[in-house]
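For reference, the structure discussed in these notes is given below.
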Amino acid sequence: MEEKYELIRKLKEEKNAVILAHYYVAPEIQKIADYIGDSFYLSKLAVSLDNPVIVFCGVEFMGESAKLLNPDKTVLLPEPTADCPMAHMVTKKVVDDAKAKYDDLAVVCYINSTAEIKSWSDVCVTSANAAKIVAALPNKNILFIPDRNLAHFVASKVPDKHFIYNEGYCPRHEFMSAQEILDEKTKHPEAKILVHPECNPDIIKIADYIGSTSGIINYAKEHPEYKEFIIGTVYGVIYKLEEERPDAAFYFPATMPICINMNKITLDHVINVLKTGENSVFLPPEEIAKAANATLTKMLELAK
Ligand code: SF4
């Protein structure tokens, strides 16, 4: 393992590359990353970095967003088959039907979506900033795509808006079992339940805290008075949680929530793209790239 880390460090220096990793990738990948974060943090960061090469250890839409925001940089995806199923879970018909029905509709698109889906939308959001951005929109009617669970969570925070929902979901969070979380609570009654808003409503109901991956990590960090936490999101987050709170214990549902796509990325994949420059992300057709970029830029402006 150490030899691989050494080789990655050397290649990174040679290519003047920066490695970005999402919290959900395997711990050994997070260990070699220059920056670890959620979609919001990484998308903002990608704009401010000087390195001409970005190795994005995450799923396809993340690399695509980084490329849209940094069209002149080389963005490399270590494993191009690592894709997020939710990123595709809405059709143009859903958007067109809602636009036909509501005059003042705003189409709000979770960053976990393809560039094409972003291009149908007015503004992009992440789980960390969605409520703030929706509240700032002048529109009363909000079509929130593609994630239904996040849409319901945001609607509960912005009750003066009317939401139209779409049947998309993250399989990892949708099929997480509330009973398995309650089983952990029975075993560890003092533990606080921290969950991601992509979770199904049965889990949201029993949570002590609901927030993005960064939000969950910050909650654990900012509450040293609690020593045990039950985590309702993807297991990869353990790397940062244990780094921030080495004194605390973290429990996950018995059916371990691992994102198979994020987990496809290996150190060998990272070495390969650094060596060969393979799997470079290309911009989508100009019309789509322009419209998708506008939704991301609007998000960064509204989230300031
Ligand atoms: S955890 Fe869910 S939303 Fe995130 S990349 Fe995996 S499938 Fe997509």
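The values are calculated or read from the model by the stated rules, or taken from the named source; none is laboratory data. Fair warning: this is a prediction, and the values are worked out from it, not measured in the lab. Neighbour counts are summed over all protein chains in view; Cβ atoms, including those assigned to glycine, are modelled from backbone coordinates with ideal geometry. In case anyone asks, the SASA skips ligands and DNA or RNA and just uses the protein heavy atoms, side chains included. Shrake-Rupley method; radii C 1.70, N 1.55, O 1.52, S 1.80 Å.
Odds and ends about this structure:
Residues are listed down the side, and each one gets a yes or a no for (1) among the polar types (S, T, N, Q); (2) under 20 Å from Glu228 (Cβ atoms); (3) within 16 Å of the ligand (Cβ to nearest atom):
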{"position": "Ile133", "(1), (2), (3)": "no, no, no"}
{"position": "Pro171", "(1), (2), (3)": "no, no, yes"}
{"position": "Gln179", "(1), (2), (3)": "yes, yes, no"}
{"position": "Lys185", "(1), (2), (3)": "no, yes, no"}
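- Among the numbered conditions (1) at pLDDT 95 or above; (2) within 21 Å of Met299 (Cα to Cα), the only one that Asn16 does not meet is (2).
- Residue among Leu76, Leu11, Leu69, Leu42 that alone is of a type in the set (A, V, I, L, M), open to solvent by less than 50 Å² (accessible area, probe 1.4 Å) and within 15 Å of the ligand (Cβ to nearest atom): Leu42
- Residues (within 13 Å of the ligand (Cβ to nearest atom) and touching a His at 6+ places or on another chain (Cβ under 7 Å)) located in the range 220-261: Gly232, Thr233
- Restricting the range 282-304 to residues that are part of a loop (DSSP other than H, G, I, E, B) and open to solvent by less than 70 Å² (accessible area, probe 1.4 Å), the residue that is modelled with the highest pLDDT is Pro284.
- Some residue of the range 97-106 being aromatic (Phe, Trp, Tyr) and surrounded by fewer than 24 Cβ atoms within 10 Å (Cβ to Cβ): yes
- For Asn279, the test of being surrounded by 17 or more Cβ atoms within 10 Å (Cβ to Cβ), among the polar types (S, T, N, Q), at pLDDT 95 or above and within 16 Å of the ligand (Cβ to nearest atom) is failed.
- Restricting the search to strands (runs of 3 or more DSSP E) fully inside the range 23-94 and requiring at least 1 residues that are in contact with a helix residue (DSSP H, G or I) (Cβ under 9 Å, 6 or more places away or on another chain), closer than 20 Å to Asn293 by Cβ and aromatic (Phe, Trp, Tyr) gives 53-57.
- When residues of the range 95-112 are limited to those that are more than 16 Å from the ligand (Cβ to nearest atom) and not in a helix (DSSP H, G or I), the one nearest to the chain's Cα centre (by Cα): Val108
- Test result for Ala115, surrounded by 22 or more Cβ atoms within 10 Å (Cβ to Cβ), of a type in the set (Gly, Ala, Ser), more than 14 Å from the ligand (Cβ to nearest atom) and closer than 26 Å to Glu287 by Cβ: yes
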